[in-house]
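**Student:** Have a look at the structure that comes next, please.
The values are calculated or read from the model by the stated rules, or taken from the named source; none is laboratory data. On a predicted model such as this, the values are computed, not experimentally measured, just so you know. Using ideal geometry, Cβ is built from the backbone for each residue, glycine included, and neighbour counts are taken over all protein chains shown. All accessible areas refer to the heavy atoms of the entire protein, side chains included, with ligands and DNA or RNA removed. Shrake-Rupley method; radii C 1.70, N 1.55, O 1.52, S 1.80 Å.
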Amino acid sequence: MAGFILKRLLQAIFVILAVTLIVAFAIRLSGDPAVMLLSGGGNVTEQDLQNIRQALGLERPFYVQYLGFLRGIFVGDFGKSFMGATPVSALIAQALPATLLLAFVSLLISIVLSVPLGIYAAVHRGRWPDQLIRILSLVGLSFPNFWLAIMLVLLFSIVLGILPPSGMEGPESFVMPALTMAIILTATNVRLVRTSMLETLSQQYIMVARSKGLRDRVVLYKHALRNSAIPLVTYIGLQFGSLIGGIVIVERVFNWPGMGSLAFDAISNRDYPVLQGAITVLALFIVLINLLVDIAYGLIDPRIRTE
Amino acid sequence: MSDTANRQSEALLSVRSLSVEFGAGEGAFKAVKDVSFDVKPGKTLAVVGESGSGKSVTSLAIMRLTDYTGGRITSGQVLFRPEGAEAIDLVQASDSKLREIRGNDIAMIFQEPMTSLNPVFTIGNQIAETLILHQGLNGREARLRARDLLQKVRLPDADRLLDRYPHQLSGGMRQRVMIAMALACNPKLLIADEPTTALDVTIQAQILNIIRDLQAEMGTAVIFITHDMGVVAEMADDVVVMWKGEKVEQAPVRDVFASPQHPYTKALLSAVPRLGSLTGQPLPKRTPVMIMDGGVAKPVGGTHEQNTADYTKPILQVDKLTTRFDVGKTFFGRVTHRVHAVEEVSFDIYPGETLALVGESGSGKSTIGRTLQQLVEPTGGTVRFDGRDMAAMSHAERRRLRQEIQYIFQDPFASLDPRHTVGYSIAEPIIVHGLINDRKARERRVHELLDQVGLQPQHAKRYPHEFSGGQRQRICIARALASNPKLIIADESVSALDVSIQAQIVNLLMELQERRRLSYLFITHDMAVVEKISHRVAVMYLGQIVELGSRQAIFENPQHSYTRKLLAAVPIADPQRERAKVRIEGEIPSPVRPVGQEPAIHRMREVEPGHWVAIEADSLRGAA
């Protein structure tokens, strides 16, 4: 197990390196930040642009800039934003908790919904509760997240007027963004739980558990669920990546002050340091979550632990 | 009337006119039809039948576990009458009443020990669970009781076992844990559904002994579901024979064997291979098989001595064949352990001869077959086919060898491509080896082959799922014959078949041998089939041959302690026979060894012409 985790850690380092390199390179293809900064400022001379580039350090060769950025990661210094010179680390420190909170609340809601629903569908395989759950899941899968977000705003904020349409103030502001994410996650997770449970329920040890006289609840939630958990945990780990991707859009719609909004603005402004910093931190989290997933395997299944 | 009432009153369990159905409407399938029987306290009732007879469904229906498999009990009663209590009809009982009875008054052991324990909980946890649920023990008390139970089923080191997980135990050990779990609450009735079918024969003997001993000690009644008449003869007091969902016969065990009444029972018993049935006869023999034809048993085939072997020049010579696999690697990829699957094995096969390779799991018998078929690379040794060294062969020669050596696998369901017609599957070796290029001629050849294995030419256009297991194995044989091989490796090819089908396939193989002068390497664990089909026998243990000789020498004059143990462990389908006095103990050791620890190679001595036995060290004698 220790060797296994060590291997994964080594892999993680390469993943992070690759991500930073791609991000740093790709953003420099998107255009000149100096032009962006001076746009709308009347007459701009080539000399003005040159001065700005000098000030931002954009004159240096790419590898120098990149190595500087890499070194910064290790000391927690991502440089300063091109807009207003705020340290990037301060911006991330502000935005990261909002995003993580939203992500985990969404994930939690989705797990709480999809596990019992998926089990219920599996137990009633082929009968109407199963059909209904599968149809609802397909409907949920068909919603684009931005459309769902806008519809929720329309219903709860404009027609009913019971929830704030945007911002992050108080627990009620969580409801719509978290629900938007959770509905889409649940739609896939419920199917995964169902399939995984069906597979487990056909195993002989489930019949053995029933022959012992255990209650259905114990059979399903003790004996079956833990055996179904490996594919679930794997998928949730992988899902975390697309969850973060989805959050960028949802944060936009709800004006949520998180990493998504930060990254989005940074792209619009060609704010290299902020974007590099934001993406790197998010990539770190995704890698970390997947590392935790690998460790979770061992906790769930003794066959992996004792290998 | 009073007589039946009396008999009913002493029964612990009375199944009355039980019918079980799967599916609904037009597609409904009646798995059990109007079945009735009684189980007396402390006695063993064997329910026997072949696949599709409804015996397993019956066993599940007793505890209403069919509720969870989509089965419906459409009529009948299951009256459970524990001593001094009111009879309960389990068909009508509430869910909570059923849960009270399951695992407490009636417990069950299932067929597959590898999958009947939950892989993510410890052994201790799984046994204690029942005790906490039904006996109201607390965690610590339940653990102590669980330890006692493990000792009762003769598992060593019970204390440490409690904290182990199922995957760390062998199949035999897991089945003992299962028995401990089933007996935890002193049930009045134990239902055992093929509890030893998946186990090696020496392990089976141990498990049967444990069940018998504990039954006597605790006074438990047992319903023993099985297809193995040998096990029936050893275990049962009474027998119920099931066929196509119906009970066709019920009688005390001696009567069933001595004077079977129903034609199906007669057919079944005639098909059962009996160890010792060819004692005193030097050659294997084909004997007629009774098959059911429209409700009556009808004999098929005649008696032929299989005098086909030609001992002038061997077709296959295997000399010091060694096959090892690397397992277990360190972080840096260095090999730490190896499976010593085959170690310096030597034998010859002659034209028209059947050599049986027998042994239990891990003996290396299947690896030898795969090595000969070039599916596995040998680590050392030489294999000569028709005098040519396999290692020195060119690519083209090796291809040609694949044509001359064919393979029949164990599972006829998995070894045919479901998306191709049977005709295509049979024609494939002909196409691959470029034997017949003309389409029409090839078709004729396929039809000829189908005819030879007892199928119809028009079957060529059908798909595998349209055939039964026995028919599929015939198709696999036709495919193996397609390239005109000289040697066929049959790896457990009849083990998964019902005995009546098995007997027919064995006869077919012998008939084809006579007609085509085929040689067979017959790989199996089933000693009774070996006695019937083989000219010579090699007994394998932990990758080495421990005894090699004529069939008669091995069965009538076994010399090696392992051969004797193997023979003693086979259940004999004869209830009159004294039960074997030998107590068989011990697990089969693992062929996995750390790198650098080579196994000792046995030296062989010839005890009589052609009968070779490994020289045993005293330590080995004790262990085997």
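**Student:** Taking the range A:64-105 as the region of interest, how many residues are touching a strand residue (DSSP E or B) at 6+ places or on another chain (Cβ under 8 Å) and not charged (D, E, K, R)?
**Tutor:** Within the range A:64-105, residues that are touching a strand residue (DSSP E or B) at 6+ places or on another chain (Cβ under 8 Å) and not charged (D, E, K, R) number 6.
**Student:** Could you list all residues from the range B:170-202 that are open to solvent by 10 Å² or more (accessible area, probe 1.4 Å), within 20 Å of B:G362 (Cβ to Cβ) and of a type outside the set (D, E, K, R)?
**Tutor:** Result: B:S170, B:G171, B:M173, B:T197, B:A198, B:L199, B:V201.
**Student:** Could you look through the range B:352-365, keep only residues that are buried (at least 20 other Cβ atoms within 10 Å of the Cβ) and of a type in the set (S, T, N, Q), and pick out the one that is nearest to B:L542 (Cα to Cα)?
**Tutor:** Here the residue is B:S363.
**Student:** Considering every residue within the range B:286-295, establish whether at least one is in a strand (DSSP E or B), of a type in the set (V, I, T) and within 15 Å of B:V506 (Cα to Cα).
**Tutor:** Our first condition is that a residue be in a strand (DSSP E or B); within the range B:286-295, this holds for B:286, B:289-293.
Checking which are of a type in the set (V, I, T) leaves us with B:289, B:291.
The next check asks that each one be within 15 Å of B:V506 (Cα to Cα); those that pass are B:289, B:291.
Taking every residue of the range B:286-295 in turn, at least one turns out to be in a strand (DSSP E or B), of a type in the set (V, I, T) and within 15 Å of B:V506 (Cα to Cα).
**Student:** In the range B:157-178, which residues are away from chain A (no Cβ under 14 Å) and among the acidic types (D, E)?
**Tutor:** The answer is B:D157, B:D159.
**Student:** Could you list, in sequence order, all residues of the range B:44-64 that are under 11 Å from B:V91 (Cα atoms) and within 12 Å of another protein chain (Cβ to nearest Cβ)?
**Tutor:** B:I62, B:M63, B:R64
**Student:** If you don't mind, another one. What are the residues in the range B:293-307 that are in contact (Cβ under 8 Å) with a residue 60 or more places away in the chain and open to solvent by 50 Å² or more (accessible area, probe 1.4 Å), if any?
**Tutor:** Scanning the range B:293-307 gives B:V300, B:G301, B:H304.
**Student:** Shifting gears a bit: Exactly one condition in (1) in contact (Cβ under 8 Å) with a residue 12 or more places away in the chain; (2) more than 18 Å from A:I183 (Cα to Cα); (3) open to solvent by 60 Å² or more (accessible area, probe 1.4 Å) is not met by A:Y235; state its number.
**Tutor:** (2)
**Student:** Further question: Checking the condition open to solvent by 10 Å² or more (accessible area, probe 1.4 Å) and not charged (D, E, K, R), which residue from B:S116, B:S96 passes?
**Tutor:** After ruling out the rest, the residue left standing is B:S96.
**Student:** Here's something else I'd like to know. Select from the range B:84-116 the residues that are part of a helix (DSSP H, G or I) and among the β-branched types (V, I, T) and list them in ascending order.
**Tutor:** B:I101
**Student:** Here's a check for you: in the range B:542-552, which residue that is of a type in the set (G, A, S) and open to solvent by less than 10 Å² (accessible area, probe 1.4 Å) is farthest from B:T322 (Cα to Cα)?
**Tutor:** Going through the qualifying residues, I end up with B:G549.
**Student:** Being small (G, A, S) and without any contact (Cβ under 8 Å) to a residue 12 or more places away in the chain narrows it down to one residue among B:S270, B:S259; which is it?
**Tutor:** B:S259
**Student:** Can I ask one more? Of all residues in the range B:333-347, which are surrounded by fewer than 19 Cβ atoms within 10 Å (Cβ to Cβ) and either in contact with a helix residue (DSSP H, G or I) (Cβ under 7 Å, 6 or more places away or on another chain) or closer than 20 Å to B:W612 by Cβ (or both)?
**Tutor:** B:E344, B:S346
**Student:** Could you check the range B:486-508 and list, in sequence order, the residues that are of a type in the set (D, E, K, R) and either under 10 Å from B:G470 (Cβ atoms) or assigned to a loop (DSSP other than H, G, I, E, B) (or both)?
**Tutor:** Of everything in the range B:486-508, those that are of a type in the set (D, E, K, R) and either under 10 Å from B:G470 (Cβ atoms) or assigned to a loop (DSSP other than H, G, I, E, B) (or both) turn out to be B:K486, B:E492, B:D498.
**Student:** Run down B:S36, B:S59 and say which single residue is of a type in the set (S, T, N, Q) and open to solvent by 20 Å² or more (accessible area, probe 1.4 Å).
**Tutor:** Values: B:S59 fails: open to solvent by 20 Å² or more (accessible area, probe 1.4 Å).
None of the others qualify; the one that does is B:S36.
**Student:** While we're on this one: Looking at the range A:253-264 only, could you name the residues that are touching a residue at least 60 places away in the same chain (Cβ under 8 Å) and either surrounded by fewer than 22 Cβ atoms within 10 Å (Cβ to Cβ) or in contact with a strand residue (DSSP E or B) (Cβ under 9 Å, 6 or more places away or on another chain) (or both)?
**Tutor:** Answer for the range A:253-264, where residues must be touching a residue at least 60 places away in the same chain (Cβ under 8 Å) and either surrounded by fewer than 22 Cβ atoms within 10 Å (Cβ to Cβ) or in contact with a strand residue (DSSP E or B) (Cβ under 9 Å, 6 or more places away or on another chain) (or both): A:V253, A:N255, A:P257, A:S261.
**Student:** Hand me the list of helices (runs of 4 or more DSSP H) wholly inside the range A:170-276 holding 2 or more residues that are closer than 30 Å to B:L117 by Cβ.
**Tutor:** A:172-201, A:204-211, A:225-254
**Student:** B:T330 fails exactly one of the following numbered conditions: (1) under 27 Å from the mean Cα position of the chain (by Cα); (2) open to solvent by 40 Å² or more (accessible area, probe 1.4 Å). What is the number of that condition?
**Tutor:** (1)
**Student:** Turning to a different aspect of this structure: Taking the condition modelled with pLDDT under 90 and either open to solvent by 10 Å² or more (accessible area, probe 1.4 Å) or of a type outside the set (D, E) (or both), does A:S196 pass?
**Tutor:** no
**Student:** If I go through the range B:515-541 residue by residue, how many of them are surrounded by fewer than 22 Cβ atoms within 10 Å (Cβ to Cβ) and part of a loop (DSSP other than H, G, I, E, B)?
**Tutor:** The number of residues fulfilling the criteria is 3.
**Student:** Take B:G380 and decide whether it is buried (at least 17 other Cβ atoms within 10 Å of the Cβ) and in contact (Cβ under 8 Å) with a residue 60 or more places away in the chain.
**Tutor:** For B:G380, the condition - buried (at least 17 other Cβ atoms within 10 Å of the Cβ) and in contact (Cβ under 8 Å) with a residue 60 or more places away in the chain - is not met.
**Student:** Got a number for residues in the range B:130-149 being at the interface with chain A (Cβ under 9 Å from one of its Cβ atoms) and open to solvent by less than 20 Å² (accessible area, probe 1.4 Å)?
**Tutor:** Of the range B:130-149, the ones at the interface with chain A (Cβ under 9 Å from one of its Cβ atoms) are B:130, B:133-134.
Those still in the list that are open to solvent by less than 20 Å² (accessible area, probe 1.4 Å) too: B:130.
Adding up the residues that qualify gives 1.
**Student:** Does at least one position in the range B:171-183 carry a residue that is in a loop (DSSP other than H, G, I, E, B), under 15 Å from B:Q215 (Cβ atoms) and in contact with a strand residue (DSSP E or B) (Cβ under 9 Å, 6 or more places away or on another chain)?
**Tutor:** yes
**Student:** Let me confirm something: among B:P187, B:P119, which residue is within 14 Å of another protein chain (Cβ to nearest Cβ), assigned to a loop (DSSP other than H, G, I, E, B) and closer than 30 Å to B:L45 by Cα?
**Tutor:** B:P187
**Student:** Among A:L117, A:L148, A:L113, A:L136, which is the only one that is of a type outside the set (S, T, Y), assigned to a helix (DSSP H, G or I), at pLDDT below 90 and surrounded by 14 or more Cβ atoms within 10 Å (Cβ to Cβ)?
**Tutor:** On the way: A:L117 fails: at pLDDT below 90; A:L113 fails: at pLDDT below 90; A:L136 fails: at pLDDT below 90.
Only one candidate qualifies: A:L148.
**Student:** Restricting to the range B:383-401, name every residue that is open to solvent by 70 Å² or more (accessible area, probe 1.4 Å) and touching a residue at least 60 places away in the same chain (Cβ under 8 Å).
**Tutor:** B:R384
**Student:** Could you tell me whether the range A:1-13 includes any residue that is out of contact with any Ser or Thr (no Cβ under 8 Å at 6 or more places or on another chain), touching a residue at least 12 places away in the same chain (Cβ under 8 Å) and under 23 Å from A:I267 (Cβ atoms)?
**Tutor:** no
For (1) touching a helix residue (DSSP H, G or I) at 6+ places or on another chain (Cβ under 9 Å); (2) within 13 Å of chain B (Cβ to nearest Cβ); (3) charged (D, E, K, R), each residue gets a yes or a no:
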position	(1), (2), (3)
A:S202	no, yes, no
A:V219	yes, yes, no
A:R226	yes, yes, yes
A:L243	yes, no, no
A:L275	yes, no, no
A:A283	yes, no, no
A:I289	yes, no, no
A:I295	yes, no, no
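**Student:** Okay, next question. For residues that are acidic (D, E) and touching a Lys or Arg at 6+ places or on another chain (Cβ under 9 Å), scanning just the range B:281-339, find the one that is nearest to B:K532 (Cα to Cα).
**Tutor:** B:E305
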